[in-house]
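Below: one structure, written as C-alpha cells.
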Amino acid sequence: MERKSIIKGKIWVVKDENGNAIDSIDTDQIFHNKYLTITDKEKMKDYAFSNLAGWTDFPNKAQEGNILIVGKNFGAGSSRQQAVDCFSSLGIQAIMGESFGAIYKRNAINSGFPLIECNDITQKLNTDDEIEIDLMKGEIHILGTGEILHCKPFSNIQWEIYKANGLFNINPQ
C-alpha cells in the first residue's frame, strides 16, 4: 500500500488532570516494563500508556486513525521498541510533539512510524480536533477552523523510510 504525504485524523492531546502538557513521558510510562515479555505486536496495543497516570484507559478510547499530540521530550528513557510499536498496533497514525527522546525518535523513524516536531503544539490544538498534516511541507490544517500551523517537515531520508514502511524495507538501487 502506497503511503501518502498527507494524513488526516482526530487528535488526542496528552495533558494531565490540570490541563497541562505532560513533558518527559518516558518509555516505561508508554509501555511498562512488566509487559516486555509480550512479543506479539498486535497484543502490544492493549498496553499503550499502561503506566501513565490518567491515560491507562487510552487503548479503550483510541480509534484507528487517531493522531497523538504530546509535549517535550516524549519517549525519554530506554530504547524500548515496544513504546513505538504499541501505538502503531493501536492504529495511531502519527505522533506530533514539541520534541522527542533521541532513541525513541530514531526507533520510530526506522520503523516508518511518523513523528512530527512542532513548537508549542499542545497549546494550539485540543482533543477531538480534526487535522490534516502535510508531512513534506510541514503544514497542519485544523479542519474545524481553517487555521494553518507550521511544523518541521520530514527530511528526505525520513520520507523515504516512511514510504517504505520501515528502514529494512528500503530496496537499495
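What to note about this one:
- Residue list for region 131-146, restricted to those being of a type outside the set (G, A, S) and either under 20 Å from K15 (Cβ atoms) or not in a loop (DSSP other than H, G, I, E, B) (or both): I131, E132, I133, D134, E139, I140, H141, I142, T145
- For the residues I148, I133, the requirement of being of a type outside the set (D, E), at pLDDT 95 or above, out of contact with any helix residue (DSSP H, G or I) (no Cβ under 7 Å at 6 or more places or on another chain) and surrounded by 13 or more Cβ atoms within 10 Å (Cβ to Cβ) singles out I133.
- Some residue of region 82-98 being touching a residue at least 60 places away in the same chain (Cβ under 8 Å), over 16 Å from I116 (Cα atoms) and not in a strand (DSSP E or B): no
- As for region 118-130, it holds at least one residue that is part of a strand (DSSP E or B) and in contact (Cβ under 8 Å) with a residue 40 or more places away in the chain.
Let's see how each residue does on (1) surrounded by fewer than 18 Cβ atoms within 10 Å (Cβ to Cβ); (2) within 22 Å of L125 (Cα to Cα); (3) modelled with pLDDT under 95; (4) over 14 Å from the mean Cα position of the chain (by Cα):
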| residue | (1), (2), (3), (4) |
| --- | --- |
| A53 | yes, yes, no, yes |
| K61 | yes, yes, no, yes |
| I67 | no, yes, no, no |
| S79 | yes, no, yes, yes |
| S88 | no, yes, no, no |
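- Region 151-173, subset of a type in the set (V, I, T) and not in a loop (DSSP other than H, G, I, E, B), residue surrounded by the most Cβ atoms within 10 Å (Cβ to Cβ): I161
- Among the residues of region 106-119, the one identified as surrounded by fewer than 19 Cβ atoms within 10 Å (Cβ to Cβ) and within 11 Å of the chain's Cα centre (by Cα) is E117.
The values are calculated or read from the model by the stated rules, or taken from the named source; none is laboratory data. A quick note: this is a predicted structure, and the numbers were derived from the prediction, not measured. Cβ coordinates were reconstructed from backbone atoms using ideal geometry, including for glycine residues, and neighbour counts include every protein chain displayed.
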